[in-house]
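To keep things clear, I will list the structure first and then write my remarks on it.
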Amino acid sequence: MSAKTVRDGRLRVAEAPAPYAAPRRPAKNICEGKIPVPLVYVPTVVEINPRRFTAPPTDEELLSFIPMRAVEEESGRLDASQVRPWKEVKKGYTPFQEGDVIFAKITPCMENGKFALAKGLHNGRAAGSTEFHVFRPGSTLDAKYLMYFLFSPKLRSDAKRKMQGAAGQLRVTTEFFSTVEIPLPTIEEQRLIVSEIERQCTRLDAGVEALRRAQSNLKRYRAAVLKAACEGQLAPGDAPRFPGGPQWPRVSLGDVVESMKNGIYKSRDIYSEGGTACLRMYNIEDGRIVWKRIKRMKLSRKEVEEYGLLPGDLLVNRVNSRELVGKAAPIPIGLEECVFESKNIRVRVKRNLADPRFVSYAMSLYGQSHFNRNAQQVVGMASISQPQVGALQIPLPPLEEQERIVMEVELQLSVIEELQSTVMVNLQRATRLRQAVLQQAFAGELVPE
């Protein structure tokens, strides 16, 4: 049912019979204004998901192509550099044009803030992911003001709570916005609010950019540590232990492996609140086992013994994205009894020849190019086999040297992880500060300095 609207000067104020109408709330003062600001329903001032351009393109005309990955998280920006002819994208994609606001409706992109103002589009038009809602503001609504409203924490919280669909495919529906009210001051006041939001967020953005650079530098430093370790250049102090590098033999990983096994396959309904913990591809991060998003299975004792993980076993991603397939992590001491699922491979190395931790470092360093060359594409994911894992070439120093290298790597990686944790805490703080600015802006409490 659409809202009945009445005009009040240039403003359109939403009014509708129950049950459509949300209770009218008291008007707010924004930017210390003295004129009450009405709350209006979003559809009265915005065209939602328009299917046409203001000026239709020809079939051969180029326009920007915007997949989900082209939209930055939390920044309101998008990359419009990729172009395609209209005839290639007019079916199966979402059309929008310069000045529209796009809003990722699917989880987790919505929660991650993949919203943007369509700006700098090739020929002023674009086609993008079907997982975008498109908002085309009318003459009484500033596009940036609308975008920041969509970023506001209350709207996002409400949208998340009312998502619909199956697990992993939850979406914000078009109908959700039917009862969303937006404060609507004059265009001039909207632009004042936008200016103050951007003034305050510019300082935050500069800090966030510095933190992102620090993250990238730490990632590069981690790769450099592993490279030095596997090439014999990592030693306590500043001088390399082996000037020019040691002459270590290179062997196939299969030469130092005792056994390999694919994980247990069960239908999703086997997961339960109780039972044995099952590690999945999500539990391998930066060469470590991380205890998160743990699923549990009701299994027989025989199954637990067959697919159990022991300290020192390597858990390897058998199926994942191309950049993550083949990533490995050793099972640490003290982990509770657990098994592993079918998208992983368990690798047990011969402990008289190799330290599993050194092997995992070598896999991190040499595995990506090897597995990318050999992986099979399976429904948008990359897949590798046990023989492909066994064929990976790695250096093999003496066991005593491997253990010394592991000690030094773990010392340096612990410093990196501590710095990464500090960076993450500060990024989360910046996110909270941004949310506070937006909350104040749309509660009429953002006063310019």
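Out of segment 208-230, which residues are modelled with pLDDT under 90 and surrounded by 13 or more Cβ atoms within 10 Å (Cβ to Cβ)? Within segment 208-230, just 208 meets the criteria.
Within segment 66-106, being of a type in the set (Ser, Thr, Tyr) and closer than 16 Å to residue 50 by Cβ holds for 93, 94.
Residue 146 satisfies every condition listed in (1) under 24 Å from residue 445 (Cβ atoms); (2) in a loop (DSSP other than H, G, I, E, B); (3) aliphatic (A, V, I, L, M) except (2).
One line per residue, one yes/no per condition, for (1) within 20 Å of residue 349 (Cα to Cα); (2) over 26 Å from the mean Cα position of the chain (by Cα); (3) in the same structural domain as residue 389 (by TED's automatic domain parsing); (4) modelled with pLDDT of 90 or more:
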residue	(1), (2), (3), (4)
271	no, no, yes, no
279	yes, no, yes, yes
296	no, no, yes, no
303	no, yes, yes, yes
323	no, no, yes, no
326	yes, no, yes, yes
332	yes, yes, yes, yes
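For segment 373-423, a residue qualifies if it is more than 30 Å from residue 211 (Cβ to Cβ), among the hydroxyl-bearing types (Ser, Thr, Tyr) and surrounded by fewer than 17 Cβ atoms within 10 Å (Cβ to Cβ), and exactly one does: 385. Within segment 47-61, being of a type outside the set (D, E, K, R) and surrounded by fewer than 14 Cβ atoms within 10 Å (Cβ to Cβ) holds for 54, 55, 56, 58. Does residue 441 qualify as being touching a helix residue (DSSP H, G or I) at 6+ places or on another chain (Cβ under 7 Å) and either small (Gly, Ala, Ser) or not assigned by TED's automatic domain parsing to the domain that holds residue 234 (or both)? Yes; evaluated as a whole, the condition is true for this residue.
In segment 88-105, the count of residues that are surrounded by 19 or more Cβ atoms within 10 Å (Cβ to Cβ), touching a helix residue (DSSP H, G or I) at 6+ places or on another chain (Cβ under 9 Å), modelled with pLDDT under 95 and not assigned by TED's automatic domain parsing to the domain that holds residue 209 is zero. Checking each residue in segment 371-410 for being out of contact with any strand residue (DSSP E or B) (no Cβ under 6 Å at 6 or more places or on another chain) and hydroxyl-bearing (Ser, Thr, Tyr) picks out only 385.
I need a count of the residues in segment 142-195 that are basic (Lys, Arg) and free of Cβ contacts under 8 Å to residues at least 24 places away in the same chain.
Result for segment 142-195: 2.
Take the conditions (1) more than 18 Å from residue 261 (Cβ to Cβ); (2) free of Cβ contacts under 8 Å to residues at least 60 places away in the same chain; (3) outside any loop (DSSP other than H, G, I, E, B); (4) not hydrophobic (A, V, I, L, M, F, W, C); residue 302 misses just one of them, which is (1). Looking at this structure, is residue 75 of a type in the set (Ser, Thr, Tyr) and either closer than 27 Å to residue 193 by Cα or at pLDDT 95 or above (or both)? In short, yes. Counting only strands (runs of 3 or more DSSP E) that sit completely within segment 51-141, those holding 1 or more residues that are in contact (Cβ under 8 Å) with a residue 60 or more places away in the chain and under 24 Å from the mean Cα position of the chain (by Cα) correspond to 62-66, 101-104, 125-128, 132-137. Tell me, please, whether a residue that is under 17 Å from residue 286 (Cα atoms) and either over 27 Å from the mean Cα position of the chain (by Cα) or part of a helix (DSSP H, G or I) (or both) can be found in segment 424-432. Scanning segment 424-432 turns up at least one residue that is under 17 Å from residue 286 (Cα atoms) and either over 27 Å from the mean Cα position of the chain (by Cα) or part of a helix (DSSP H, G or I) (or both).
For residue 82, the conditions (1) closer than 20 Å to residue 177 by Cα; (2) surrounded by fewer than 18 Cβ atoms within 10 Å (Cβ to Cβ); (3) of a type outside the set (Gly, Ala, Ser); (4) touching a Pro at 6+ places or on another chain (Cβ under 9 Å) all hold with the exception of (1). Only one of the listed residues (266, 261) is surrounded by 15 or more Cβ atoms within 10 Å (Cβ to Cβ), in contact with a strand residue (DSSP E or B) (Cβ under 8 Å, 6 or more places away or on another chain) and at pLDDT below 90. That residue is 266. Looking across segment 58-69, the residues that are in contact with a strand residue (DSSP E or B) (Cβ under 8 Å, 6 or more places away or on another chain) and within 12 Å of residue 109 (Cβ to Cβ) come down to 67, 68. For the condition in contact with a strand residue (DSSP E or B) (Cβ under 9 Å, 6 or more places away or on another chain), more than 17 Å from residue 285 (Cβ to Cβ) and either surrounded by 21 or more Cβ atoms within 10 Å (Cβ to Cβ) or not small (Gly, Ala, Ser) (or both), residue 357 does not qualify. Screening residue 374 against (1) among the polar types (S, T, N, Q); (2) in the same structural domain as residue 196 (by TED's automatic domain parsing); (3) more than 30 Å from residue 199 (Cα to Cα) leaves a single unmet condition, (2).
Looking across segment 155-185 at every residue that is polar (S, T, N, Q) and surrounded by fewer than 17 Cβ atoms within 10 Å (Cβ to Cβ), the one that is farthest from residue 138 (Cα to Cα) is identified as 169.
Search segment 378-405 for residues that are in contact (Cβ under 8 Å) with a residue 12 or more places away in the chain and pair each with any residue that is in a strand (DSSP E or B) and among the aliphatic types (A, V, I, L, M) when their beta-carbon atoms are under 6 Å apart and the residues are at least 6 apart or on different chains. That search, which allows pairs on different chains as well, returns 381/319; 383/319; 386/260; 396/251.
The values are calculated or read from the model by the stated rules, or taken from the named source; none is laboratory data. This one's a predicted model, so the numbers in the text were calculated from it and none came from an experiment. Cβ: placed from backbone, ideal geometry, glycine included. Neighbour counts: every protein chain shown.
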